[in-house]
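**Q** Handing you a structure now.
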Amino acid sequence: MQLSVIILNYNVRYFLEQCVLSVQEAISTLDAEIIVIDNNSSDESCLMMKNKFPNVKLIENASNFGFPKGNNIGVSQASGKYVCILNPDTVVAEDTFVRILAFAERQTDLGIIGCKLIDGTGEFLPESKRGIPTPWIAFTKILGLYKIFPKTRLFNQYYAQHLGEDETGKVDILVGAFMFLKRDLYLELEGFDEDCFMYADDIDLSYRVLQKQKVNFYFHETTVLHYKGESTVKDEKYMKRFQEAMNFFYQKHFKKSWFFEFFIQIGIWFFSFVKMFQGKVKPKPLPESVVFYSSNKILSENLPSILKNKVFFLDLKKEKMVNSCLLFKGKRGEIILDNHYVSFKKCIKMIETLKDKNITFKIFPKNTNFIIGSNSRNDRGQIIKIE
């Protein structure tokens, strides 16, 4: 088998459904499998999987084992030459795995491959590619020096800014939302370190791959939508785990000193402080109008009462997709993309291309009864039921 896609879920039932739908499309021409591990969700995620995806391997954990152990359990059941660790709050394009498999097969000493990630507003997620967070690199991040001197290597290593977001190349650290590597390498490393509950696990795994003299890559030729805020609520428990994660990584991999300890504690406090305010998201004002890209005229007629808003129907059988910014003319608007007629790849491309501070995006996934999206990388997203 070529590939096993490992999806660890915890209480994101609707995002999981959309994710699995997109993965099914993306592996349709491959010898591949999907393995969903559920960390004891209470939102009927498992019931949905059994009803809608009976042929997908589902592992139901009796409790929330955390990110590292949950994924390790999934990989232990995998049969693919390669595994892809994938967050449930992601959407992949139909050709994502075909492209990455082809790239992987051309490499020697392959470590982990990550890809270009965007959030639900279409903005590039800089953590798609990162450097090793040594004390100096962390310092440049804390003070924002990487923003002031983005072209200077001394200051720009935290987000691997030597490499453009539209440029494939070697990087040190990749993000756990999408990690593609050989299953044998994952098993040789004994997977994610289960002593770390979450947040430092992807940094640690990436770093241990480098210690094996393997090469990690950022691959820009496919874009994956990562809603980011959906898997984790930014609360006090999050702050505590984030601090534990930073302590875990530095104590494991770096020589300790009084200066180092002081510096890291300051850094942890700063990051926690920033994360706390990122978690307090002010809801965006409601859109003044909605553009529905579809060929489903009946649904378009029902949407105004469901959304309680004006809906413009763009019939894809008769019209080409246009720049919706022109339709809104500077006003707040929302674009709903009907996946029955617009591929996941096209949805991702449109969200990335049409990104605008006044526009929000939603997807109506095929064979579902909901519209889904996120107006901010820090919130839990929005689900609109279509009964």
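The values are calculated or read from the model by the stated rules, or taken from the named source; none is laboratory data. Nothing here was measured: the structure is a model prediction, and the numbers come from that model. A quick note on method: Cβ atoms are made from the backbone with ideal geometry, for glycine too, and the neighbour counts reach across all protein chains shown. Calculation scope for accessible area: heavy atoms of the full protein, side chains included, ligands and nucleic acids excluded. Shrake-Rupley method; radii C 1.70, N 1.55, O 1.52, S 1.80 Å.
**Q** Quick check on the stretch 123-130. Is at least one of its residues touching a Cys at 6+ places or on another chain (Cβ under 9 Å), polar (S, T, N, Q), crowded, with 16+ Cβ neighbours inside 10 Å and farther than 18 Å from GLN24 by Cβ?
**A** yes
Residues are listed down the side, and each one gets a yes or a no for (1) at pLDDT below 70; (2) touching a strand residue (DSSP E or B) at 6+ places or on another chain (Cβ under 7 Å):
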site	(1), (2)
ASN247	no, no
LYS252	no, no
GLY279	yes, no
GLU334	no, yes
ASN339	no, yes
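**Q** Could you say which residue among PHE197, PHE155 is within 22 Å of TRP269 (Cα to Cα), open to solvent by 10 Å² or more (accessible area, probe 1.4 Å), at pLDDT below 90 and in contact with a Gly (Cβ under 8 Å, 6 or more places away or on another chain)?
**A** PHE197
**Q** Limited to the stretch 356-385, what total is found for residues that are out of contact with any helix residue (DSSP H, G or I) (no Cβ under 6 Å at 6 or more places or on another chain), at pLDDT 90 or above and not in a strand (DSSP E or B)?
**A** Total meeting the criteria: 5.
**Q** In the stretch 29-80, what residues are touching a helix residue (DSSP H, G or I) at 6+ places or on another chain (Cβ under 8 Å), assigned to a helix (DSSP H, G or I) and surrounded by 15 or more Cβ atoms within 10 Å (Cβ to Cβ)?
**A** SER45, MET48, MET49, PHE67, PRO68, VAL75
**Q** Quickly run through the stretch 288-311 and pick out the residues that are among the aliphatic types (A, V, I, L, M), out of contact with any Asp or Glu (no Cβ under 9 Å at 6 or more places or on another chain) and surrounded by fewer than 17 Cβ atoms within 10 Å (Cβ to Cβ).
**A** The one that is among the aliphatic types (A, V, I, L, M), out of contact with any Asp or Glu (no Cβ under 9 Å at 6 or more places or on another chain) and surrounded by fewer than 17 Cβ atoms within 10 Å (Cβ to Cβ): ILE298.
**Q** Under 29 Å from the mean Cα position of the chain (by Cα) and either among the aliphatic types (A, V, I, L, M) or at pLDDT below 95 (or both), is that true of PHE328?
**A** yes
**Q** Another question, if that's okay. Just for the stretch 162-171: of the residues that are open to solvent by 60 Å² or more (accessible area, probe 1.4 Å) and in contact (Cβ under 8 Å) with a residue 12 or more places away in the chain, which one is nearest to the chain's Cα centre (by Cα)?
**A** GLU165
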